[in-house]
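Novice: Just dropping this structure here.
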Amino acid sequence: MEDCIFCKIVRRELPADVVFENEETIAFKDINPMAPTHVLVVPKKHLASLDDLTGDDVGLAGNLLLAVKEVAALSGVAGGYKMLSNCGEAAGQVVPHLHFHILAGKKFVP
Ligand code: 5GP
Ligand code: ZN
């Protein structure tokens with residue numbers, strides 16, 4: 001996607017504080033952190049949200065979850081973090097490229 005912010009980060013056309021990368025996934029610190037640890041885990045493939053996942057993405061979805069676990073460990077918060085994905089504008093999604101937030105060091109409800 002030409003104008004997608006996260007695709008631009010994947011292509012290194014925009015700077016980001018990258019903390020993890022593998023073939024299908026990249027993770028970088030949120031530019032506007034809501035907690036002491038706030039990292040975004042993003043598939044390199046452009047998908048607007050979880051709603052765009054199909055059966056073809058089973059491997060990608062599994063790798064994303066494993067990346068979340070790995071990034072939490074790399075960030076020193078394994079066992080004590082929240083992971084969430086806003087799906088759609090009504091849920092607060094601002095960047096229409098699937099991403100998981102990893103948040104730690106602050107209480108969030110729920
Ligand atoms: P959403 O509300 O879509 O679930 O979350 C998007 C997140 O992306 C926000 O927490 C926002 O701070 C972050 N964000 C938006 N633009 C950029 C950017 O250019 N770089 C980084 N690192 N984070 C961004
Ligand atoms: Zn994108």
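The values are calculated or read from the model by the stated rules, or taken from the named source; none is laboratory data. None of the values given here were measured: they were computed from a predicted structure. Because the Cβ atoms are built from the backbone with ideal geometry, glycine has one as well, and the counts that use them run over all protein chains shown. Each accessible area value is taken on the protein alone, full model and side chains, heavy atoms only, with ligands, DNA and RNA left out. Shrake-Rupley method; radii C 1.70, N 1.55, O 1.52, S 1.80 Å.
Novice: Applying 1/(1 + (r/R0)^6) with R0 = 25 Å to the Cβ-Cβ distance of residue 87 and residue 66, what FRET efficiency is obtained, to the nearest 0.05?
Specialist: Taking R0 as 25 Å, the efficiency between residue 87 and residue 66 is 0.80.
Novice: Moving on to the next point. For the chain, report the accessible area per residue in Å² (1.4 Å probe, heavy atoms, rounded to an integer). Could you put the intermediate results ahead of the total?
Specialist: Details: 6500 Å² over 110 residues.
That works out to 59 Å² per residue.
Novice: Per the 1.4 Å probe, what fraction of the accessible area of the chain, in percent, lies on carbon and sulfur atoms?
Specialist: Carbon and sulfur: 56 percent of the exposed surface of the chain.
Novice: One-quarter of the Cα convex hull surface for segment 58-110, in nm²?
Specialist: The Cα convex hull of segment 58-110, projected and averaged over all directions, gives 4.4 nm².
Novice: Which value at 222 nm does the chain reach when only helices count, each DSSP H run of 4 or more adding -39,500 (n - 2.57), with the total divided by all residues and rounded to the nearest 500 deg cm²/dmol?
Specialist: Taking each H run of at least 4 residues, the total per residue is -6500 deg cm²/dmol.
Novice: Could I ask something else about it? Compute all pairwise cysteine Cβ distances in the chain, then list the cysteines with no distance under 4.7 Å to another cysteine.
Specialist: Those would be 87, since no other cysteine Cβ in the chain comes under 4.7 Å of theirs.
Novice: Also, I was wondering about something else. At a 10 angstrom cut-off on C-beta neighbours, averaged per residue, how do the peptides 102-108, 88-94, 8-14 rank from highest to lowest?
Specialist: 102-108, 8-14, 88-94
Novice: Turning to a different aspect of this structure: Calculate log10 I(q)/I(0) of the chain for q = 0.12, 0.16 Å⁻¹, where I(q) comes from the Debye formula with a single equal point scatterer on each Cα and nothing for solvent.
Specialist: -0.38, -0.69
Novice: When all alpha-carbon pairs of segment 1-45 are counted, what percent fall beyond 17 Å?
Specialist: On the way: 275 of 990 pairs.
Tail of the P(r) past 17 Å holds 28 percent of the pairs.
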